[in-house]
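What follows is a short report on a single structure.
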Amino acid sequence: MVTLDDTKTRIILAAIKAVRQYGLEGVRIQNVSELAGVSSGAIYRHFDSKDQLLVECFTYVDRQAAAIFEHLKFNPLTMLTDSTGAIKGLWLPYFRFWTSHPDETVFYHRFRDSAFFPKYDKSRDVTYFKTFIGMVDAFKRVFPSLNRINQDLLWLHVLTSTVMYAKYVVEGALPNNQETEDTVFQLLTTGLSGYLKPDKPQKGKK
């Protein structure tokens, strides 16, 4: 027997798939209904509107992506001996999450790229990224130079570029192999290399 929670999840997954097929603007409740195997009325019992459904789809995917960092082993000391390796150890599982979830990747990219996102972004709850934020703070403590970068631009660059390249992979524009992963990572971290060095105390400074 399908519970209400199961039905809601089924609707969300169907909506994500429907957006991949029909686009964010083109998708209709009827499309979601057909893919989920439920009536349109059942959808409206869980969601007030298509807009609310799409927001909950984004939150669902966003939480999945954030959960990646909950399961990673992170030793801050490795940043001093192999800063690039430490970053890759965090980034690679995140990138592979997207390349292994095609529907979610295309949906997420389209939603973030839509005119609807900026308004939603101002009020969304991102506390479920607290583990990732803690890792970022650890990097900034070890490498204070990172604080000289606009943090919003830095992580927007890393996140959106990662999802963008993953979208190219799931759509077949890029091969899903080790070479792609290494090249994407190199492109993303080239601009960071000059900041991943502990600050040296200035001589004569009190």
**OP:** Scan segment 63-81 for residues that are within 16 Å of Lys197 (Cβ to Cβ), open to solvent by 50 Å² or more (accessible area, probe 1.4 Å), in a helix (DSSP H, G or I) and not β-branched (Val, Ile, Thr) and jot them down.
**Re:** Leu80
Original post:
Among the residues of segment 137-157, is there at least one that is more than 30 Å from Asn75 (Cα to Cα), open to solvent by less than 60 Å² (accessible area, probe 1.4 Å) and either touching a helix residue (DSSP H, G or I) at 6+ places or on another chain (Cβ under 7 Å) or free of Cβ contacts under 8 Å to residues at least 40 places away in the same chain (or both)?
Top reply: no
**OP:** Could you grab the pairs with beta carbons closer than 6 Å, sequence gap of 6+ or different chains, first residue in segment 75-99 and over 21 Å from Leu146 (Cα atoms), second one open to solvent by less than 40 Å² (accessible area, probe 1.4 Å) and polar (S, T, N, Q)?
**Re:** Phe95/Thr162; Trp98/Thr105
Original post:
Since Lys119 meets every condition but one in (1) basic (Lys, Arg); (2) under 30 Å from Ser145 (Cβ atoms); (3) modelled with pLDDT under 95, which condition does it not meet?
Top reply: (2)
**OP:** Scan segment 106-127 residue by residue and report those that are part of a helix (DSSP H, G or I) and crowded, with 16+ Cβ neighbours inside 10 Å.
**Re:** Val106, Phe107, Tyr108, His109, Arg110, Phe111, Arg112, Phe117, Tyr120
Subject >> Inter-residue pairs, beta-carbon under 6 Å, first in a loop (DSSP other than H, G, I, E, B) and in segment 15-29, second open to solvent by 30 Å² or more (accessible area, probe 1.4 Å), 6+ apart >> reply: Leu24/Arg110
**OP:** Considering each residue of segment 159-197, count those that are farther than 21 Å from Asp103 by Cα, open to solvent by less than 60 Å² (accessible area, probe 1.4 Å) and not in a helix (DSSP H, G or I), and give that number.
**Re:** 1
Original post:
What number of residues within segment 109-166 satisfy the criterion of being farther than 20 Å from Thr190 by Cα and within 15 Å of the chain's Cα centre (by Cα)?
Top reply: 17
Subject >> Subset of segment 9-49 (residues that are under 22 Å from the mean Cα position of the chain (by Cα) and of a type in the set (D, E, K, R)) >> reply: Arg10, Lys17, Arg20, Glu25
Subject >> Filter result for the condition that a residue is under 14 Å from Arg110 (Cβ atoms) and surrounded by 20 or more Cβ atoms within 10 Å (Cβ to Cβ), over Val27, Val55, Val32 >> reply: Val27
Subject >> From Val19, Val106, residue being of a type in the set (A, V, I, L, M), under 22 Å from Leu188 (Cα atoms) and modelled with pLDDT of 95 or more >> reply: Val106
**OP:** Please state which of the following conditions Leu92 fails to meet, knowing it meets all the rest: (1) at pLDDT 90 or above; (2) within 30 Å of Asp51 (Cβ to Cβ).
**Re:** (2)
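The values are calculated or read from the model by the stated rules, or taken from the named source; none is laboratory data. In this text the structure is predicted, and so the values were computed from the model without any measurement. Because the Cβ atoms are built from the backbone with ideal geometry, glycine has one as well, and the counts that use them run over all protein chains shown. Each accessible area value is taken on the protein alone, full model and side chains, heavy atoms only, with ligands, DNA and RNA left out. Shrake-Rupley method; radii C 1.70, N 1.55, O 1.52, S 1.80 Å.
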